[in-house]
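The values are calculated or read from the model by the stated rules, or taken from the named source; none is laboratory data. Quick caveat, the model's predicted, so the values are computed rather than measured. Here Cβ is always computed from backbone atoms with ideal geometry, including for glycine, and neighbour counts include all displayed protein chains. To get the accessible areas, we keep the full protein, side chains included, count just its heavy atoms, and leave off ligands, DNA and RNA. Shrake-Rupley method; radii C 1.70, N 1.55, O 1.52, S 1.80 Å.
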2 protein chains.
Amino acid sequence: MSEASIAILKFHNLRITDCRVHVVKHFLEGNGVYSQRDLENKYRQYDRVTIYRTLNNLLQAGVLHRIPNESGMATYGLFDQSSTSKHRFDNHIHFKCNRCGQIECLDDREVPQVSVPKGYSVERVNLIIDGTCPSCT
Amino acid sequence: MSEASIAILKFHNLRITDCRVHVVKHFLEGNGVYSQRDLENKYRQYDRVTIYRTLNNLLQAGVLHRIPNESGMATYGLFDQSSTSKHRFDNHIHFKCNRCGQIECLDDREVPQVSVPKGYSVERVNLIIDGTCPSCT
DNA sequence: ATCTAAAAGCAACAATGTTGCATTTATGTA
DNA sequence: TACATAAATGCAACATTGTTGCTTTTAGAT
């Protein structure tokens, strides 16, 4: 799994450091969405600023994207690395379970066509679905 | 405009206080979406904790809803007061202009039907559209 | 006009976001 | 392999936001 992390980092011309490998690995291993806090708790060996900057770097490099959420805490998810579609950068569907709080990327789903009022142009569409996930049903 | 604010507060069995009237009025007058900071800046006569609690109260009463966003700062919008549909509580479309940063509620738009994988149940759908608004085109 | 529960204001603290700077480290090159 | 250097880390520090407790003030019922 470290192999994959390293490959991703190299692909994006990012230096291979412990923190980055761990963070990318964490996203690769779970299909989920994580906040800075999640990573701080998991990897206490790194300073929170380092994790903060690591997330920002990965964000800027296009490895991660930020998930819109209501809680007022930034959360991050991995871009679907397998997809080569241009649209992988544009459209996202996230599912948030109201019981366990877990957020998942539903990357295989197509974002439905959306109509907007005249004069508006659409660049990106984010869909956040609330409900109950299979494990909590 | 204060009339409308007061009517809304009464309808929700909330006491009529200066701060609440001002905050609701602010949301009524703009079609937009505001953060706590926006309101603090506008209404410096109120303590930020008062505004914080006012927003929470309005949220709980169902006057406002929180808008999912990527920035990591809670933002609020007014529920469409005219709609009586059950779905007004469930589905939202927001448009964020990448140039001016303004967020608008597109309450008149229907949220498209979304399909989720087997085992997931949908309670609410939030759609966040990024792009360019008419004034910035 | 009075009473009381609710709201506001204030202080305080936790969590998060963010920057500067000194130290350490990854990586290209000799 | 060793070296040089730009980049990343760790630490301190500070700003902003989220949150709670407590005292004072006030809206609204009587």
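A quick yes/no check of all residues on (1) part of a helix (DSSP H, G or I); (2) away from DNA strand D (no atom under 13 Å from the Cβ):
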| position | (1), (2) |
| --- | --- |
| B:Glu3 | yes, yes |
| B:Ile8 | yes, no |
| B:Arg15 | no, no |
| B:Cys19 | yes, no |
| B:His22 | yes, no |
| B:Lys25 | yes, yes |
| B:Glu40 | yes, no |
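Of the residues making up the stretch A:110-137, just one is more than 7 Å from chain B (Cβ to nearest Cβ), open to solvent by 60 Å² or more (accessible area, probe 1.4 Å) and within 19 Å of the chain's Cα centre (by Cα), namely A:Glu110.
Can you say whether A:Ile67 is closer than 19 Å to A:Asp107 by Cβ, touching a Pro at 6+ places or on another chain (Cβ under 9 Å) and away from DNA strand D (no atom under 13 Å from the Cβ), as far as the supplied structure shows? Answer is yes for this residue. Quick one: count up the residues across the stretch B:41-54 that are more than 10 Å from DNA strand C (Cβ to nearest atom) and closer than 15 Å to B:Asp18 by Cβ. Residues flagged as more than 10 Å from DNA strand C (Cβ to nearest atom) and closer than 15 Å to B:Asp18 by Cβ within the stretch B:41-54 amount to 2.
The residue of the stretch A:1-45 that is farthest from A:Asp107 (Cα to Cα), among those that are of a type in the set (Asp, Glu) and surrounded by 14 or more Cβ atoms within 10 Å (Cβ to Cβ), is A:Glu40. Scanning the stretch B:74-84 for residues that are near DNA strand D (Cβ under 10 Å from one of its atoms) and either assigned to a loop (DSSP other than H, G, I, E, B) or of a type in the set (D, E, K, R) (or both) gives a single hit, B:Ala74. Screening the stretch B:51-73 for residues that are part of a loop (DSSP other than H, G, I, E, B) and either crowded, with 21+ Cβ neighbours inside 10 Å or modelled with pLDDT of 95 or more (or both) and picking the one that is nearest to the other protein chains (Cβ to nearest Cβ) gives B:Pro68. Tell me yes or no: at least one residue of the stretch A:74-94 is open to solvent by 20 Å² or more (accessible area, probe 1.4 Å), facing chain B (nearest Cβ under 10 Å) and modelled with pLDDT of 85 or more. Within the stretch A:74-94 (the criterion being open to solvent by 20 Å² or more (accessible area, probe 1.4 Å), facing chain B (nearest Cβ under 10 Å) and modelled with pLDDT of 85 or more), the answer is yes, since at least one residue qualifies.
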